[in-house]
Amino acid sequence: MTVYTSLFVAFIAIGAFIAIPIGPVPIVLQNMFVLLAAIILGPVWAVACVAIYLLIGLAGLPVFAGGTSGIGKLFGPTGGYLLGYLPAVFVTAGISKALGKRMSADMIAMVTGSLIVYGAGVFWLKIATAMTLEKAVAVGMFPFLIGDVLKIIAAAFIAKSLRPVIKL
């Protein structure tokens with residue numbers, strides 16, 4: 001299990017490195033790998049995976065969006081999204097497990113996890129940038145909806161393909 005957890009930490013870091021800046025919150029593949037980790041690893045190992053990822057980023061390794069790092073990222077506009085990953089993976093994994101680890105259940109779980117990330121992220125974006133809530137939603141959620149739906153679909157297909165290979 002530790003090998004798979006380590007692999008997902010690496011996938012999340014790679015997904016964060018591929019960033020397209022469009023404002024205070026960049027488009028990244030990081031969230032797809034976070035949600036996929038939840039579906040594949042389950043609640044305990046997925047939380048451990050995200051916690052390790054956050055700790056190595058806080059320690060100075062360039063694993064956050066665009067190859068950045070440091071505690072300042074938690075106080076910046078994207079800090080809420082990063083911290084939102086912890087409850088999101090726990091809830092996503094729990095829903096997937098409770099609903100039977102089927103593709104449809106995985107999608108429901110990942111949509112729920114994404115909403116948790118959006119909630120934490122938009123709330124913190126509002127505070128960190130002194131934006132109105134409407135503006136924070138407009139720049140911190142709306143531009144990402146279509147891409148995140150596509151990422152959820154891709155992650156569900158990847159999970160379906162990996163489950164027979166990775167028996168956890």
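The values are calculated or read from the model by the stated rules, or taken from the named source; none is laboratory data. Because the structure is a prediction, the values reported are computed rather than measured. Cβ coordinates were reconstructed from backbone atoms using ideal geometry, including for glycine residues, and neighbour counts include every protein chain displayed. Accessible surface areas use protein heavy atoms only, side chains included; no ligands, DNA or RNA. Shrake-Rupley method; radii C 1.70, N 1.55, O 1.52, S 1.80 Å.
Odds and ends about this structure:
- Qualifying residues in the stretch 42-52 (those that are under 14 Å from the mean Cα position of the chain (by Cα) and within 10 Å of THR5 (Cα to Cα)) - the one surrounded by the fewest Cβ atoms within 10 Å (Cβ to Cβ): ILE52
- Test: residue in the stretch 110-123 that is in contact with a helix residue (DSSP H, G or I) (Cβ under 7 Å, 6 or more places away or on another chain), open to solvent by 50 Å² or more (accessible area, probe 1.4 Å) and not hydroxyl-bearing (Ser, Thr, Tyr): yes
- Filter pass, SER104 being free of Cβ contacts under 8 Å to residues at least 24 places away in the same chain, under 17 Å from PHE11 (Cα atoms), open to solvent by 10 Å² or more (accessible area, probe 1.4 Å) and among the small types (Gly, Ala, Ser): no
- Residue within the stretch 86-98 that is farther than 22 Å from ALA37 by Cβ and under 16 Å from the mean Cα position of the chain (by Cα) present: no
- Considering the stretch 57-78, the residues that are open to solvent by less than 50 Å² (accessible area, probe 1.4 Å) and of a type in the set (A, V, I, L, M, F, W, C) include one that is modelled with the lowest pLDDT, namely LEU74.
- Criterion applied to VAL28, VAL34 was being open to solvent by less than 40 Å² (accessible area, probe 1.4 Å), aliphatic (A, V, I, L, M) and touching a strand residue (DSSP E or B) at 6+ places or on another chain (Cβ under 7 Å), and the one residue passing it is VAL28.
- Criterion: without any contact (Cβ under 8 Å) to a residue 24 or more places away in the chain, within 29 Å of LYS97 (Cα to Cα) and β-branched (Val, Ile, Thr) - qualifying residue of ILE40, ILE52, ILE20, ILE14: ILE14
- If the condition is being in contact (Cβ under 8 Å) with a residue 40 or more places away in the chain, farther than 18 Å from MET141 by Cα, buried (at least 20 other Cβ atoms within 10 Å of the Cβ) and among the hydrophobic types (A, V, I, L, M, F, W, C), then the stretch 79-95 contributes VAL89, ALA93.
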